[in-house]
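Here's the structure we're looking at; comments come further down.
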Amino acid sequence: MINCLSIVPLIYNIFSIKEPNNMSKTEFSLWLSGFIDAEGNFQVFLDRQYLRTQFRIRLHIDDVDVLYKIKEFLGVGTVDKYDSNCLYSIRSIKEMNQVLFPLLDQYKLISTKYLR
């Protein structure tokens, strides 16, 4: 049986794709903006009399390392593991305003999330 993890660097080399660990800050920011466009969501909801906001990315538990890489890069948020999935979230509007929104202002979303 072939170890799938040992094949990943080979695939990146074949297609000349940089591994996330070897990306520059700009390259990772561009990747992250696209990833958020595809997988991220923003929630605003009423909790009793309080208006709550949060940003989330939910993935299969196999991809938890991606969420830890995002958390490390942004320096904010939490990663939680559940049975078969994992969740990266930023619940602080202050952290969203100081970290996430400036990144998305510089590296624009292009899907309908941009219009919201």
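The values are calculated or read from the model by the stated rules, or taken from the named source; none is laboratory data. Just so it is clear, the model here is predicted, and its values are computed rather than measured. Methodologically, a virtual Cβ is constructed for each residue, glycine included, from the backbone with ideal geometry; neighbour enumeration extends over all protein chains shown. Ligands, DNA and RNA are excluded from the accessible area calculation, which covers all protein heavy atoms including side chains. Shrake-Rupley method; radii C 1.70, N 1.55, O 1.52, S 1.80 Å.
The trypsin sites (Lys or Arg not before Pro) of segment 59-112 that DSSP puts in a loop, and whose beta carbon has at most 12 other beta carbons within 10 Å, are LYS108.
Using 0.36 nm per residue and subtracting the Cα-Cα separation, the extra length available between GLN43 and SER84 on full extension is 12.6 nm. Measure off, as a whole percent, the carbon and sulfur share of the 1.4 Å-probe accessible area of segment 35-116, all protein chains present. Carbon and sulfur atoms account for 50 percent of the accessible area of segment 35-116.
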